[in-house]
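Visitor: Let me begin by handing over the structure; questions about it come next.
The values are calculated or read from the model by the stated rules, or taken from the named source; none is laboratory data. Quick caveat, the model's predicted, so the values are computed rather than measured. Cβ sites come from the backbone with ideal geometry, for glycine too, and all protein chains shown count toward neighbours.
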Amino acid sequence: MKWKSLIILVLGVILISSCNNRTVIYYSGSNDEKWKDYSIGIAIKDGDEIIKYENNPVLVNGELYDYTMAKDSFVLEIGDRLFMYYSGHNSVDCHTIDLAESNDGVNWIKYEGNPIMKGDGYGWDAKQVCRPSIYDTKKNGDKRYRMLYTGQSELGIWSIGYAYSANGYEWISSEEPVISIENSDEWDNTIITSPSNIVKRSNLYHVYYSGYNPKYGWQIGLVTFEDFEGEYIKSEYNPVLSPRKDAKQTILNILSSDTFEIKDSEVFNNGELVFICDKESKGFELNRIYDNREGIIVLEKDLKMEYSAGSTIRSWMNRSVAWCDVRYNNKWEMLFTAFQALYEDTGKDRRIVSYAYSDDGINWVIDYAKSPYIPYEEIEGSWDELMISDGRIAELDNKLVKVIQLITNPNLEVKLLVFKNCNLHQIKLVNYTRF
């Protein structure tokens, strides 16, 4: 059977060298209706296909500091290790920033010194801290690693602050927040939270954040700055991404299992994800618009339930958008979470990682075909059945970390999982000849 080993070895060498265009995305998932019991998993991008890692989740909650949640992960290389910074949530409803380490991106060990950051009892982040985003300056020294993170004061005010570290373990925080509700516009004058990854173009840093006002829900804004310890300037065009508040209608007549009549079909777009919510039972399902014209909506799939006139159809991003990851590679790309669309009709929530792109980082276009970006399947009993959120691409250098899985099944199907250059790659070899 030596020939099998030889084929697998040669194939592995070829494929390792060709995985530069793949990426790995860490995301938060939960099957709890109350937004608790979050863990962290991996989704693999291979070309246009997004595949969830078959052994998800890779980091689960359960310690005292992350008893109810382990979520909002941010992964990057420090030295010869991978560091995952994440938000822990304990049993007394308090967030901390925690750390896990790995050699391969899949098998993670929680740091014995967790939490690495927590509310210290005074100042702008006295009560709790969460949602870290780290920037590696590549310059050794006391401030090589820079962090933006969310904190809450004893008065309940949420803001974004700054910290720095020489080694990724010990952090020194700013005495004041760098992005706050002071001088905010109406849309973000209640809560400011969740800095995105930090993008540097020329001498200007870009970071996106989530802002909240009860009237408008959650929206996404942009801040730029030249120095982490300097002035942070909110864009005059904020918010740069908003929910589709007008994308909802009452169903007037059910015409068939996939077609119904509404008053104004122009509020929807072909390909848009929608929730259909029954007026009587409060049951609902997720579908996609195949066609809409002259008050008629045709869905991509037949409805699973029976619906009555007076039921509701609304966009999956009808109420809130937040928690984004942004990249620039000839164009701007954003992963964001759409959520709370079901609140008004059912009081429940579903969270879906979605995709948008932009030429200038300000005017964003929703890509309906690529949303949900991470497959949202509602497989009964799965760890991420109800909530998929906080998608973030791993921050890795040009280094082969490890071949983390090589499995041969009884049908001689080979799966190769490679973690390289921010890339986690899954391939199949089938139908080769026995000698």
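Visitor: Test each condition in (1) in a strand (DSSP E or B); (2) farther than 23 Å from residue 196 by Cα for residue 84 and report the one that comes out false.
Guide: The number of the failed condition is (2).
Okay, residues lined up against (1) farther than 29 Å from residue 210 by Cα; (2) charged (D, E, K, R); (3) surrounded by fewer than 16 Cβ atoms within 10 Å (Cβ to Cβ):
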residue: 262; (1), (2), (3): yes, no, no
residue: 284; (1), (2), (3): no, no, no
residue: 290; (1), (2), (3): yes, no, yes
residue: 301; (1), (2), (3): yes, yes, yes
residue: 308; (1), (2), (3): yes, no, yes
residue: 311; (1), (2), (3): yes, no, no
residue: 317; (1), (2), (3): no, no, no
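Visitor: Is one or more of the residues making up the stretch 204-224 on the phi > 0 side of the Ramachandran plot, in a loop (DSSP other than H, G, I, E, B) and modelled with pLDDT under 95?
Guide: Checking the stretch 204-224: not a single residue is on the phi > 0 side of the Ramachandran plot, in a loop (DSSP other than H, G, I, E, B) and modelled with pLDDT under 95.
Visitor: Out of 192, 160, 181, report the one residue that is touching a Gly at 6+ places or on another chain (Cβ under 6 Å) and of a type in the set (A, V, I, L, M, F, W, C).
Guide: Exactly one residue qualifies, and that residue is 192.
Visitor: To continue, here is another question. Here are the criteria: (1) in contact (Cβ under 8 Å) with a residue 12 or more places away in the chain; (2) part of a strand (DSSP E or B). Tell me which single one residue 109 does not satisfy.
Guide: (1)
Visitor: Next question. Filter the stretch 230-250 down to residues that are under 21 Å from residue 338 (Cβ atoms), surrounded by 18 or more Cβ atoms within 10 Å (Cβ to Cβ) and basic (Lys, Arg), then give me how many there are.
Guide: So the count comes out to 2.
Visitor: Where residues in the stretch 113-157 are over 19 Å from residue 181 (Cα atoms) and β-branched (Val, Ile, Thr), which of them is surrounded by the fewest Cβ atoms within 10 Å (Cβ to Cβ)?
Guide: Checking each candidate, the answer is 137.
Visitor: Looking at 189, 197, 183, 140 in this structure, which one is of a type outside the set (Phe, Trp, Tyr) and at positive phi?
Guide: 183
Visitor: Additional query: Given the residues 348, 331, which is the only one that is under 30 Å from residue 282 (Cβ atoms) and surrounded by fewer than 23 Cβ atoms within 10 Å (Cβ to Cβ)?
Guide: Going through 348, 331 in turn, the sole match is 348.
Visitor: Name the single residue, out of those in the stretch 37-84 being farther than 30 Å from residue 369 by Cα and among the small types (Gly, Ala, Ser), that is farthest from the chain's Cα centre (by Cα).
Guide: Within the stretch 37-84, the match that is farthest from the chain's Cα centre (by Cα) is 79.
Visitor: Of the residues 238, 287, which single one is in contact with a strand residue (DSSP E or B) (Cβ under 9 Å, 6 or more places away or on another chain) and outside the structural domain of residue 175 (by TED's automatic domain parsing)? Walk me through how you get there before you give the answer.
Guide: Working: 238 fails: outside the structural domain of residue 175 (by TED's automatic domain parsing).
On inspection, the qualifying residue turns out to be 287.
Visitor: Of the residues 213, 167, which single one is in contact with a helix residue (DSSP H, G or I) (Cβ under 6 Å, 6 or more places away or on another chain) and either over 22 Å from residue 349 (Cα atoms) or surrounded by 14 or more Cβ atoms within 10 Å (Cβ to Cβ) (or both)?
Guide: On the way: 167 fails: in contact with a helix residue (DSSP H, G or I) (Cβ under 6 Å, 6 or more places away or on another chain).
Answer to the selection: 213.
Visitor: Residues to consider are 145, 162; find the one that is touching a Leu at 6+ places or on another chain (Cβ under 9 Å), in contact (Cβ under 8 Å) with a residue 40 or more places away in the chain and within 30 Å of residue 53 (Cβ to Cβ).
Guide: 145
Visitor: With a cut-off of at least 2 residues that are modelled with pLDDT of 95 or more, surrounded by 21 or more Cβ atoms within 10 Å (Cβ to Cβ) and of a type outside the set (Lys, Arg), name the strands (runs of 3 or more DSSP E) lying wholly within the stretch 1-79.
Guide: Answer list for the stretch 1-79: 23-30, 39-46, 69-78.
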